[in-house]
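Structure record follows, encoded as structure tokens.
A short reminder: the numbers here are calculations on the coordinates, not readings from a lab. If you're wondering where the values come from, they're calculated on a predicted model, not measured in any experiment. We place every Cβ from the backbone using ideal geometry, glycine too, and count neighbours over all the protein chains shown.
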């Protein structure tokens, strides 16, 4: 199973590999140019037994707007769960 058609509203973004439940998805889009607005990670899953996996990012000034943007941009699948998290809150646990 792969997740098809994952995209954001930002043309020219870099594309990174991702997976859902250990199965590679087609693409996760990351913004290539800097933004004045905070970047929010969008994580989702299609089945209860799958872990949350990053499906893309959105830029928004508030959490409420990030939710609206995520729902409208990543609506091509019947997700059972979707969450947004500010990228600035991510912390490296094990780095290389």
Footprinting exposure proxy for 90, 65 (fewest neighbouring C-beta atoms within 10 Å first): 90, 65
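What list do you get for 59, 92 if you sort them by fewest beta carbons within 10 Å? Could you put the intermediate results ahead of the total?
Details: 59 18, 92 6.
Ascending number of Cβ neighbours within 10 Å: 92, 59.
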How do 87, 45 rank when sorted from fewest to most other Cβ atoms within 10 Å of their own Cβ? 87, 45
